[in-house]
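Read the structure below first, then the notes.
The values are calculated or read from the model by the stated rules, or taken from the named source; none is laboratory data. All figures in this text were calculated on a predicted structure; none of them were measured in a lab. Neighbour counts are summed over all protein chains in view; Cβ atoms, including those assigned to glycine, are modelled from backbone coordinates with ideal geometry. All accessible areas refer to the heavy atoms of the entire protein, side chains included, with ligands and DNA or RNA removed. Shrake-Rupley method; radii C 1.70, N 1.55, O 1.52, S 1.80 Å.
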Amino acid sequence: MTATQRNVSEKQARQVAEAARESEWRKPSFGKELFLGRFRLDLIDPWPAEQPRPDADEFLRKLDAFARSEIDGQRIEHDARIPDEVFQGLARLGAFGMKIDKEYGGLGLTNLHYCRALTLVGSANASIGALLSAHQSIGVPQPLKLFGSPEQKKKFLPRLAAGEVSAFLLTEPDVGSDPARLGTVAEPVEGGFRLNGVKLWATNGTVATLLVVMARVPGKGITAFVVEGDADGITVERRNEFLGLRGLENSVTRFHDVFVPEANVIGGLGKGLKIALTTLNTGRLSLPAMCVSAGKRSLAIAREWSADRVQWGRAVGMHEAVAKKIAFIAATTYAMESTLDLCCMIADDDRNDIRIEAALIKLFASEMAWQVADELIQIRGGRGYEKNESLIARGERPAEAEQLLRDLRINRIFEGSTEIMHLLIAREAVDAHLSVAGDIIDPEAGLNRKARAAARAGGFYAKWLPTLAVGKGQAPTAYGEFGPLAAHLRYVERASRKLGRSTFYAMSRWQGKLERKQGFLGRIVDIGAELFAMSAVCVRAHAERAHRPEGRELADLFCHQARLRADALFDALWDNTDSLDVRAAQRVLDGRYTFLEDGVVDQPSDLAWVAAWEPGAATVEDVRRRIPQAEA
């Protein structure tokens, strides 16, 4: 990495991220309208119709049978390795081509069926869900589907549909969510580019034969390339080990003078970040599928254990302290599944822009599933903290509670950490305000630009602000067709307008400083996530009321719980310790409170917190793994 890239300013970093963001809204968005105080229930009600796909149903039946008979989740957990025969079996089923169109040898599944497949196989072992998700949602298939040339699709997609594995390589040892500092360089040479750099945390990196690599082309910007995993100059230097997902094949990969043909550029020079962000609009849906899987397993374990285990003369599930946890797990699992299914189906019908909705379900599901698993461990007590192997050795039934917790923890970091998701969604939520008032709060804007912006803002707010005063949610009979759930939808409508007013007040109060009020923005986004989930469960329960009337009970339960969380978040918008916390953190960083660290054993090390790297040939052994081709 050059000194220039190390010293990228905050302003430059923001400009790079902003340039990659989709700035136009060509289709309606329920989430966008919700943050503007407009409860557009018509965008999600009636509940979208599921596309009939007998071929997809048959695939799911075969996948279910394979997962039950051929995937030994405990073996994968023990060996920290997915066996070759599991890779080969998945390939024979077509699982590596679920999102690849049929014309290229794939199954061409909808987002809904794809996420159901991930939910199913992830329940056998979460590492397999991560393998298939990283391969198809952010690996080579999805970028090529959206941005690839016909020649690229014909060349690469049939290989991937047949079982070759792909990986996505963006992160570097010193570059996470700040791509402006990207150090991997693709230097133009005759016929293509010469690639040099090091990539960290490449999921599937040790087994992938095709890679999507993000690299900086001098003078053109960050560009996406398809790179052959066995090209000369590529070394897989490490297989990384993690708290959970022990079967994950995740690498440190070095590129040294790797030649990449010009024909392997995806979407054009300088388009890499836009491709990555656009891919993630639907790619993020795969991660909540794993959360739904964990929620379902947690509910089954909690139900069976709490009915069987007796303490103080009663089943533990009948004690209120445990009952509240069971109710939370059931309601939250219903909400995660409802919101994910809704996002998948509106993505499949392609009528709405789902960038905010997909980000919201990723944020909501990753946070809530972690809480679900934590509550499950508490319900199970000491057995929840005990590994399956230990339970079995003692003659007790295994229940992978502690593994669920470990496997789920990464979801709050994968594909955008919770903190980054808050900022990303908040940026979209205030987009309408910035588009009309941006120059007013821009310190570099001249008087003429500020005057024009003020005129635009005046016109916008003169029309918009009155709509936030009164709405349908104040009418006692509104949404009456939803029966007992109508009161919750009236709450969502009122809360949506309150959310819009709160955002406007914050813009007026802090103006350009609002972007630094990350605590406030995070709460705004979390409120929106709760309102979105409430809307989803109500619409789903109403649609299914004839054949699944118990759904109304779960929707009502979830909405009561979510309203309490949303009300607390509204209160915390203005009554919080954010400023105090920031000042205290600065004092901690300055070393003012180091006395608190006395009296414990330190773990001394002269190693850096972030390992430095330099371009050049590898000095360690290549640890890549190649899976033998499955027999037809």
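So Ala80 passes all but one of these: (1) in contact (Cβ under 8 Å) with a residue 40 or more places away in the chain; (2) open to solvent by 10 Å² or more (accessible area, probe 1.4 Å); (3) over 22 Å from Phe156 (Cβ atoms); (4) out of contact with any Lys or Arg (no Cβ under 7 Å at 6 or more places or on another chain). Which condition number does it fail?
All conditions are met except number (4).
Do any residues in segment 253-277 that are modelled with pLDDT of 95 or more have Cβ atoms under 6 Å from those of residues that are open to solvent by 50 Å² or more (accessible area, probe 1.4 Å) and of a type outside the set (Lys, Arg), where the two are at least six apart or on different chains, and which pairs are they?
Listed by first residue and then by second, the contacts come to His256/Ala617; Ile266/Phe147; Gly267/Phe147.
Condition check: closer than 26 Å to Ala630 by Cα and more than 23 Å from the chain's Cα centre (by Cα). Does Glu164 satisfy that?
yes
Yes or no, residue by residue, for (1) open to solvent by less than 20 Å² (accessible area, probe 1.4 Å); (2) of a type in the set (Asp, Glu):
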| position | (1), (2) |
| --- | --- |
| Gln136 | yes, no |
| Val140 | yes, no |
| Lys145 | no, no |
| Glu151 | no, yes |
| Glu164 | no, yes |
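Out of curiosity, is His422 out of contact with any strand residue (DSSP E or B) (no Cβ under 6 Å at 6 or more places or on another chain), within 18 Å of Lys32 (Cβ to Cβ), in a helix (DSSP H, G or I) and at pLDDT 85 or above?
When the stated conditions are applied, His422 passes them.
Give just the number: which of (1) in contact with a helix residue (DSSP H, G or I) (Cβ under 8 Å, 6 or more places away or on another chain); (2) open to solvent by 60 Å² or more (accessible area, probe 1.4 Å) does Glu241 not satisfy?
(1) is the only condition that Glu241 fails.
Name the single residue that is farthest from Ala401 (Cα to Cα) among those in segment 244-295 being among the β-branched types (Val, Ile, Thr) and in contact with a helix residue (DSSP H, G or I) (Cβ under 8 Å, 6 or more places away or on another chain).
Ile266
Could you say which residue among Ala568, Ala543, Ala529 is closer than 24 Å to Thr332 by Cα, surrounded by 11 or more Cβ atoms within 10 Å (Cβ to Cβ) and without any contact (Cβ under 8 Å) to a residue 24 or more places away in the chain?
Only one candidate qualifies: Ala568.
Within the set of pairs 6+ apart or on separate chains, which have a first residue in segment 344-355 that is polar (S, T, N, Q), a second that is open to solvent by 20 Å² or more (accessible area, probe 1.4 Å), and C-beta atoms under 8 Å apart?
Taking only residues 6 or more apart or on different chains, the pairs are Asn352/Lys27; Asn352/Pro28; Asn352/Leu43.
Can you name the residue in segment 480-505 that is without any contact (Cβ under 8 Å) to a residue 24 or more places away in the chain and open to solvent by less than 80 Å² (accessible area, probe 1.4 Å) and, of all such residues, is farthest from Gly37 (Cα to Cα)?
Result: Gly480.
Answer yes or no: is there a residue in segment 20-35 that is within 27 Å of Asn204 (Cβ to Cβ), open to solvent by less than 30 Å² (accessible area, probe 1.4 Å) and of a type in the set (Asp, Glu).
The answer is no, given that none of the residues of segment 20-35 is within 27 Å of Asn204 (Cβ to Cβ), open to solvent by less than 30 Å² (accessible area, probe 1.4 Å) and of a type in the set (Asp, Glu).
For segment 180-208, which residues satisfy the criterion of being over 14 Å from Asp257 (Cα atoms) and surrounded by 22 or more Cβ atoms within 10 Å (Cβ to Cβ)?
Leu182, Lys199, Leu200, Ala202, Thr203, Asn204, Gly205, Thr206, Val207, Ala208
Determine whether Ala632 is loosely packed, with under 14 Cβ neighbours inside 10 Å, modelled with pLDDT under 95 and farther than 30 Å from Arg238 by Cβ.
yes
Quick grid of which residues meet (1) assigned to a loop (DSSP other than H, G, I, E, B); (2) under 20 Å from Asn204 (Cα atoms):
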{"site": "Ile222", "(1), (2)": "no, no"}
{"site": "Arg238", "(1), (2)": "no, yes"}
{"site": "Leu248", "(1), (2)": "yes, yes"}
{"site": "Phe255", "(1), (2)": "no, yes"}
{"site": "Phe259", "(1), (2)": "no, no"}
{"site": "Leu269", "(1), (2)": "yes, no"}
